[in-house]
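The values are calculated or read from the model by the stated rules, or taken from the named source; none is laboratory data. All values reported here derive from a predicted model rather than from experimental measurement. Methodologically, a virtual Cβ is constructed for each residue, glycine included, from the backbone with ideal geometry; neighbour enumeration extends over all protein chains shown. Each accessible area value is taken on the protein alone, full model and side chains, heavy atoms only, with ligands, DNA and RNA left out. Shrake-Rupley method; radii C 1.70, N 1.55, O 1.52, S 1.80 Å.
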Amino acid sequence: MSKKVIHLLCSDADRAVLQPVLDALQAKGLRLSEKAPGKNDLVLAALSEDFCADEGKTAALLDLVAAGAENVLPVQLDGAPIPDAIKNALYARNIIPASGRDAAHTAERIADAIPDLPSIVPKLLIAGALVLAAII
């Protein structure tokens, strides 16, 4: 896996629970970003009772999906029910269960769910050809 950056969307309490999974993901070559995620970013959304109770976190997730974010990977950390608004927003995505599972196994499932980013080489070649054509 190439160096990819993953943005974490979780409650403060869930960060500690998720840390072994994050360590395993970093061992697989993923870098963790502390910046707020944008719609084109790879986002790991850690769903839990604490997350769903935090209206700001829930709104941030729903706003990302509403903006067209396609690279949101939801992980359910506990057995708490996921609100319908979040379930409906994430309807086409598989929610990865993490409660009671090995961190390495969960990290493997997350890594497998990460979409391959398209190579920029063809875009660079096309841009170069267009520049060359414009010069000639």
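Among residues of the stretch 19-46 that are part of a loop (DSSP other than H, G, I, E, B), those with a Cβ under 8 angstrom from a residue that is open to solvent by 20 Å² or more (accessible area, probe 1.4 Å) and of a type in the set (S, T, N, Q), sequence gap 6+ or separate chain, pair up as Gly29/Ser2; Asn40/Asn71; Asp41/Asn71. Looking at the stretch 72-93, which of the residues that are within 14 Å of the chain's Cα centre (by Cα) and under 19 Å from Leu18 (Cα atoms) is most open to solvent (accessible area, probe 1.4 Å)? Among those that are within 14 Å of the chain's Cα centre (by Cα) and under 19 Å from Leu18 (Cα atoms), it is Gln76.
Just wondering, is there one or more residues in the stretch 67-85 that are in a helix (DSSP H, G or I), under 16 Å from Arg109 (Cβ atoms) and not aliphatic (A, V, I, L, M)? It would help to see each step written out before you state the result.
So the first thing to find is which residues in the stretch 67-85 are in a helix (DSSP H, G or I), and the list is 84-85.
Going one step further and asking which of them are under 16 Å from Arg109 (Cβ atoms), we end up with none.
No, the stretch 67-85 contains no residue that is in a helix (DSSP H, G or I), under 16 Å from Arg109 (Cβ atoms) and not aliphatic (A, V, I, L, M).
The residue list Glu49, Glu55 contains one member that is closer than 21 Å to Lys39 by Cβ, open to solvent by 60 Å² or more (accessible area, probe 1.4 Å) and either without any contact (Cβ under 8 Å) to a residue 60 or more places away in the chain or touching a strand residue (DSSP E or B) at 6+ places or on another chain (Cβ under 9 Å) (or both), which is Glu55. Among the residues of the stretch 5-36, those that are surrounded by fewer than 18 Cβ atoms within 10 Å (Cβ to Cβ), of a type outside the set (A, V, I, L, M, F, W, C) and on the phi < 0 side of the Ramachandran plot comprise Asp12, Arg15, Gln19, Pro20, Asp23, Gln26, Lys28, Arg31, Ser33, Glu34, Lys35.
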